[in-house]
Amino acid sequence: KAGVTQTPRYLIKTRGQQVTLSCSPISGHRSVSWYQQTPGQGLQFLFEYFSETQRNKGNFPGRFSGRQFSNSRSEMNVSTLELGDSALYLCASSLWWDQPQHFGDGTRLSIL
Amino acid sequence: KQEVTQIPAALSVPEGENLVLNCSFTDSAIYNLQWFRQDPGKGLTSLLLIQSSQREQTSGRLNASLDKSSGRSTLYIAASQPGDSATYLCAPLIQGAQKLVFGQGTRLTINP
């Protein structure tokens, strides 16, 4: 069974640009969550989607947005990139809300 | 606000030793708690999940315990091997929020 797939693996952008990251969950998983990992703040929750509905959002500015499609694939978008957005962005999927969350290898975003 | 603390922050031991990693959390309103490992440059690998109604969960050489009322979980690794070297993270799943809250992790090094 294929794991969680995130694309692209690496991205380099400049300040002010926008970026879209993609996540394909494990087949059959309907919950998809996004996390940001930085050396200073560690892992922080961005948002969670279930059946195309955002159920929860973390404490991030409105520049961070996401969506989930009918096949459970998810995308997150960051607009007007800032240097502080440089991080590893991780996507996780689970079968149901109280089941184990399985993570992808992440997208490493670098802002120049 | 849920806060998660992991002690120690780093641990270096010779191969073959049994060891214990500690995790404490401030809010007992959790659905479950998950332990992960993270290798450098990679995503998170799920090790064990303990439901809030459980006290222990075992997988191979790993055993995790949970005392929800006191806000503590431990991960016991038996007969450690160099391949166990990684950062270990604990994360309770918060009730009503469908999100994991992570500690800063314990960086484990097993010396051959």
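So the values come out like this:
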item: Sole residue being at pLDDT 95 or above, under 17 Å from A:TYR89 (Cα atoms) and of a type outside the set (Phe, Trp, Tyr), chosen from B:ARG61, B:ARG72, B:ARG107, B:ARG37; result: B:ARG37
item: Sole exception among (1) crowded, with 21+ Cβ neighbours inside 10 Å; (2) part of a strand (DSSP E or B); (3) within 12 Å of chain A (Cβ to nearest Cβ) for B:GLY103, by number; result: (2)
item: Residue within the stretch A:69-88 that is modelled with pLDDT of 95 or more, part of a strand (DSSP E or B), facing chain B (nearest Cβ under 10 Å) and farther than 20 Å from B:GLN95 by Cα present; result: yes
item: The stretch A:22-40, subset in a strand (DSSP E or B) and hydrophobic (A, V, I, L, M, F, W, C), residue farthest from A:GLY84 (Cα to Cα); result: A:VAL32
item: Tabulated pairs, the stretch B:48-68, first at positive phi and aromatic (Phe, Trp, Tyr), second crowded, with 16+ Cβ neighbours inside 10 Å and modelled with pLDDT under 95, C-beta under 8 angstrom, 6+ apart or interchain; result: none
item: Conditions (1) at pLDDT 95 or above; (2) closer than 28 Å to A:ASP98 by Cβ; (3) charged (D, E, K, R): number failed by A:ARG15; result: (2)
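Here's the yes/no breakdown for (1) part of a strand (DSSP E or B); (2) under 27 Å from A:ASP105 (Cβ atoms):
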| position | (1), (2) |
| --- | --- |
| B:GLN6 | yes, yes |
| B:VAL13 | yes, no |
| B:GLY16 | no, no |
| B:CYS23 | yes, yes |
| B:TRP35 | yes, yes |
| B:LEU47 | yes, yes |
| B:ILE50 | yes, yes |
| B:SER73 | yes, yes |
| B:SER80 | no, yes |
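The values are calculated or read from the model by the stated rules, or taken from the named source; none is laboratory data. These figures come from a predicted structure and were not determined experimentally. Using ideal geometry, Cβ is built from the backbone for each residue, glycine included, and neighbour counts are taken over all protein chains shown.
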